[in-house]
Structure formats: structure tokens, C-alpha cells
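Asks: Here's a structure for you.
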Amino acid sequence: MSRYARAEREALADLLLALGPDAPTINEGWATRDLAAHLVLRERRPDAAGGILLAPLRGHAERVRRRLAAGPYPDLVQRVRRPPVWSPISNPLTDELVNTMEFFIHHEDVRRAVAGWQPRELARGLQATLWKRAAPLARLTLRRFPADLYVQAPGYGEVSVGRGGERLRLVGAPAELTLFLSGRQRVARVQLDGSPTSARQLRNASLGM
């Protein structure tokens, strides 16, 4: 496995164990056991993983996730820590591409639910990797946003998105933009410059996949 995906996975597993099964996350309605079950389902239950994105399969996916969450918590976290090599999304060929952003986001879902959290000092290589994921995510999720929107990661790049209209700038480190664009606006440390109305609309928009 690549260094960033592996490091974020290990750090998340350590934090899940340290906090226990019932600690909060920033995902509404989910405690740490629920988030761990989501990750296990994603990698180990291809029959249910489609329900993460596809509404017709969501009921089955949720039933499977709840069963996983009800199991012994240390075993659940161990399955997060040690993914199956046969999984199409966690084998050595796909891990860095698919899992670096996924595990960074979910690590922060747990970290930023703890009082007194602060952004981590991340390696430039990890920030660059996150920007490679955040830029296309911005193009996808904000393509219909009613503004002339510039997403800028100083030192890494920028993209122009939106349907046009009032100019709005979304500025932040790649890690913070990744969280913002994945629907974690309320905990992302970013700067929004432009119309207060457009800025408020973006902060409250339903973003992410």
C-alpha cells in the first residue's frame, strides 16, 4: 500500500480504538462504530457497497452496515486496519488512488468531532495528492453552482467552476478544500470572498458524492 493511504488508515484505526465505539463523529447520526462499519462494508461487502452511492441499494447497504456495527468493536477496527487484498478498492494497485482521500476525510470526521481540535500539519506531498482529488471533485460538485466560482489552493493550483454570475472565491489548503467539497463545510477552515448571499448558499449546499 502507498504511504499516504496506509498512514491515514493506521491513524484512523488508532483513533477509533482510543476513543471507543460510541464517540461522536461529524457525520450526523453516526458514532465511531458506525463509521468503522461503513468502511468495512465499503471494502468487504461488494454486494452492499453500491448502496453508498445508489439509492435503490441503500436499504440493503444500511442493514448490512448496522449488522457490522453491532459486532465486537475491536474486531471491527481491526478489519478497518487490515483490508482484504482481494478488494478492488484496497489492493496495492488501487489503494493510493482510491483510499488516500477517503481515509483522510474519515480520519478528520473523527478528529474534528473532538473538542479543541486543530488542523494537522500535513506533508506537502499529501496536500498535493489531496489537491489532485479535490480539483476534479470541485468540477463535478460545483458545475451547476450559480456563480463564477474560483476554487484556489495557494501553491497547488486553482480551478474555475460554476454556471456564471457573481464572482466568488473559495480559498484554502488542499486538505481543507477536500473537506469542504465533500460536504464538511462547517468544519473546513477555508476563506470565502464575494457576495455574502452566494457564500452562505455555498456553505449550506449539499456537496460531495
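Asks: Mind giving me the FRET efficiency for Ala70 and Asn27? R0 is 22 Å, r the Cβ-Cβ distance, nearest 0.05 is fine. If you can, show how the numbers build up before the last one.
Replies: On the way: r = 18 Å, r/R0 = 0.81.
It comes out at approximately 0.80.
Asks: What's the local net charge at Glu10, with K and R +1, D and E -1, over the other residues with C-beta under 13 Å away?
Replies: Working: positive: Arg3, Arg6, Arg9, Arg81, Arg82; negative: Glu8, Asp14, Asp95.
For residues surrounding Glu10, the net value is +2.
Asks: To continue, here is another question. Once Kirkwood radius over Cα pairs in Å is worked out from the coordinates, which option in [x] 20.8; [y] 17.9; [z] 17.3 does it equal?
Replies: Answer by label: [y].
Asks: Rounding to the nearest 10 and keeping the result within 0 to 90°, find how far the Cα-based axis of helix 58-69 lies from the longest principal axis of the chain.
Replies: Its long axis makes an angle of about 50 degrees.
Asks: Shifting gears a bit: Estimate the FRET efficiency between Asp193 and Arg3 by the formula 1/(1 + (r/R0)^6), using the beta-carbon distance for r and 35 Å for R0, to the nearest 0.05. Please list the in-between numbers first.
Replies: Numbers: r = 35 Å, r/R0 = 0.99.
Calculated transfer efficiency: 0.50.
Asks: Could you please report the charge total around Leu168, scoring K, R as +1 and D, E as -1 over all other residues with beta-carbon less than 9 angstrom from its beta-carbon? Show your work: numbers first, answer last.
Replies: Details: positive: Arg167, Arg169; negative: Asp148, Glu166, Asp193.
Cβ neighbours under 9 Å give a net charge of -1.
Asks: Looking only at Val187, Val80, Val40, which one moves most when the chain is put into a Gaussian network model with springs between Cα atoms under 10 Å?
Replies: Val187
Asks: Counting only other residues whose beta carbon sits under 13 Å from that of Ala135, what net charge do I get with K and R as +1, D and E as -1?
Replies: Details: positive: Lys132, Arg133, Arg139, Arg143; negative: Glu158.
Counting the neighbours of Ala135, the net charge comes to +3.
Asks: Round to a whole number: what % of the accessible area of the stretch 17-140 belongs to carbon and sulfur, probe 1.4 Å?
Replies: Details: 3710 of 6220 Å².
Carbon with sulfur: 60 percent of the solvent-accessible area.
The values are calculated or read from the model by the stated rules, or taken from the named source; none is laboratory data. A quick note: this is a predicted structure, and the numbers were derived from the prediction, not measured. Counting neighbours? That spans all protein chains shown, and the Cβs are built from the backbone with ideal geometry, glycine included. Calculation scope for accessible area: heavy atoms of the full protein, side chains included, ligands and nucleic acids excluded. Shrake-Rupley method; radii C 1.70, N 1.55, O 1.52, S 1.80 Å.
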